[in-house]
Amino acid sequence: MTFIPVGIIGIVFLFLIYDSIKQVEALRSLEKNSAEIISISNLITYLQQERGLSSGYLSSHGAKFSEELSKVRDKVDYDYKKLDLNVTVIELRKRIDAMRISTVEAFAIYTGIIKNFQMQYLSTVEKINDPSLVKELHTYINLSFMKEALGEIRGTLNGVFAAKNVPDRKLLYNMARARGMYEVSFEQFHATAPKRFLNWIHTVISSEKYKTIEHTVEKYAFFHIDEPNEDPKRWFRICTDVIDEIAQMEKAFILMVGKSIQHKVESIESKIVSQLLFLFVIALFILWLGYQLKHGVLRNITLLQQYKNAVDRSSIVSKTDKGGRITYANDKFCEISGYAKEELVGKPHNIVRHPDVPKAVFKEMWETILAKKAWNGIVKNRKKNGDYYIVEATINPILDQNGKIEEFIAIRNDITEVVKLHEELEHTQEELIFRMGEIGERRSEETGCHVKRVAKYSELLAKYYGLDEEEIRHLFFASPMHDIGKVAIPDTILKKPGKLTNEEWKIMKTHTEIGYALFKNSQRPLLQTAAIIAYEHHEKWDGSGYPRGLKGEQIHIFGRITALADVFDALGSDRYYKKAWSDEKIFALIKEERGRHFDPVLVDIFFEHLDEFLYIRKAFSTQSDFMRE
């Protein structure tokens, strides 16, 4: 029998060693391809120039940038051959030279080609498990995205300034999108970049050329394009100088990453040796321990019939004795944890305990169930392979005929995919937050743009209300998660086209408490903000809201702002249970609910700046209009 745990431990360590070897292989591959990444970065830089010059060439009907375009095409072709890639822009160039394609269409095709190259960076990151190296690679990717965003701004406005007539407004829509992508990428880069690169980027943005770009973008941000009077060649030259400086930062950064990779490889190779030695020591210890405990016997399951119905209804089920040792685990538990039943039964339940979960959570759990009460909460568990999964768990004490605790049964629902979105925030925070916010909408098959617009409305309200920059930032990123609790609402209620019954409405309203429970234990200010918003965005100024009937300024400002932003956007959208309202009807309702549903100050701000809210709704009316990778 002692060979069984030895074998189990051996398998676990061999898996870890195998994983380490695969990691070394991935790092070696990345190290080998670092020069290729620099070459691809160069190619992207020239493709971005070709895109911008093509915009000016097409908008001027061939009157401008002909010579410059020819030179940069030669550079692109040279880099394609050096990388042994098939030239994918020949047909596009033919259409441009023959004036058989619009500026906007050509711009989109070039941008698609560039994005495909950038995706190679992202695919490389997915193969790496080391957090610090992934952080460096994500920082590099954000720097690359900054360069691409500036390239798009350069190209779109080049097309605007070179036009003989009033240019296509779609160019300015693309400029606005690129501006948003630049701001987000800059924020992410600034949050993680080493000091040397922060000083470098601050030198760039302090330059007169960069300030000229900022001034020009601000000038045309609201589509004032009737008579653009900028010199396109001067504009292109200024932008190119700034972008070239960022391209130099790219090269320096990837060289730094290469050194980090070499260090990681050496560290992992040392780790493999340590794991082999530790495996040997553990094997000897397990053999000794097995000899000492050879007469140990697992407790039999005695109350299975009592829980049969619960087991049948549950997806993940386990039972433990009063000491916390597992006495039963169903197939779903084994499947999600990666352990066989033989590995679970008889072990303390902390075999799947994850170190990220605060001890206070388990203290509260034990105090509750030992008091003969049910405990409900969100728990992060560890799989056998070291990965994790997250469940919404309900633990019930089972009492015998004398009212004494016999054992405990735990029934869980896997919510890993929802919560994993939160964990991805460490690397791609902007994408995570909006996708988490879309979950509630997608469950009811609503457009994901709703939560994106709510974020923009909330940001605008917070700005004019006078919140500080940090509060505005937290509100912007957290407000899309206001309805995240709907992931736990049954489809029969969430997607019901008709009016809900009283019982159904009670269940629907629990989404605020579910969303709150999801984030309340987080120590991160951003997720604390999300918890507040999820909990309070259905409270009303006059105290008639839910779940707690808060009134006036008892409601957190985050909840008051999100409430108005959510209602404004929702009323203008088709839902299962209603058609979209007209603007007149929406405005009338908001005015009527001033001081009843909504904070009067926020309503006044809304109407004082109504044109900005309507601009957001129009500009970001579809998925492609909103800033994203």
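Quick grid of which residues meet (1) assigned to a helix (DSSP H, G or I); (2) closer than 14 Å to F606 by Cβ:
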site: G545; (1), (2): no, no
site: F558; (1), (2): yes, no
site: T562; (1), (2): yes, yes
site: D566; (1), (2): yes, yes
site: A570; (1), (2): yes, no
Those residues of region 81-135 which are at pLDDT below 80, acidic (D, E) and in a helix (DSSP H, G or I) amount to E126
Q. Is region 593-601 home to any residue that is part of a helix (DSSP H, G or I) and under 30 Å from the mean Cα position of the chain (by Cα)?
A. no
The number of residues in region 525-537 that are without any contact (Cβ under 8 Å) to a residue 12 or more places away in the chain and over 20 Å from I415 (Cα atoms) is 0
Scanning region 48-63 residue by residue, those buried (at least 24 other Cβ atoms within 10 Å of the Cβ) and over 12 Å from R93 (Cβ atoms) turn out to be Q48, Q49, G52, S55, G56, S59
Of the residues in region 605-623 that are surrounded by 12 or more Cβ atoms within 10 Å (Cβ to Cβ) and among the hydroxyl-bearing types (S, T, Y), the one that is modelled with the highest pLDDT is Y615
Item to check | Residue in region 574-586 that is in contact with a Leu (Cβ under 7 Å, 6 or more places away or on another chain), assigned to a helix (DSSP H, G or I) and in the same structural domain as Y457 (by TED's automatic domain parsing) present | outcome: yes
Across (1) at pLDDT 80 or above; (2) closer than 30 Å to N42 by Cβ; (3) not β-branched (V, I, T), L277 clears everything bar (2)
The residue that is modelled with the lowest pLDDT, considering only those in region 176-227 that are more than 27 Å from K251 (Cβ to Cβ) and among the small types (G, A, S), is A221
Just one listed residue, out of L53, L58, L92, L47, is in contact with a Ser or Thr (Cβ under 7 Å, 6 or more places away or on another chain), in the same structural domain as L137 (by TED's automatic domain parsing) and under 21 Å from L171 (Cβ atoms), and it is L58
Scanning region 461-475 for residues that are assigned to a helix (DSSP H, G or I) and either surrounded by 21 or more Cβ atoms within 10 Å (Cβ to Cβ) or among the charged types (D, E, K, R) (or both) gives L461, A462, K463, E469, E470, E471, R473, H474, L475
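The values are calculated or read from the model by the stated rules, or taken from the named source; none is laboratory data. From a predicted model like this one, the values you see are computed outputs, not experimental measurements. Neighbour counts are summed over all protein chains in view; Cβ atoms, including those assigned to glycine, are modelled from backbone coordinates with ideal geometry.
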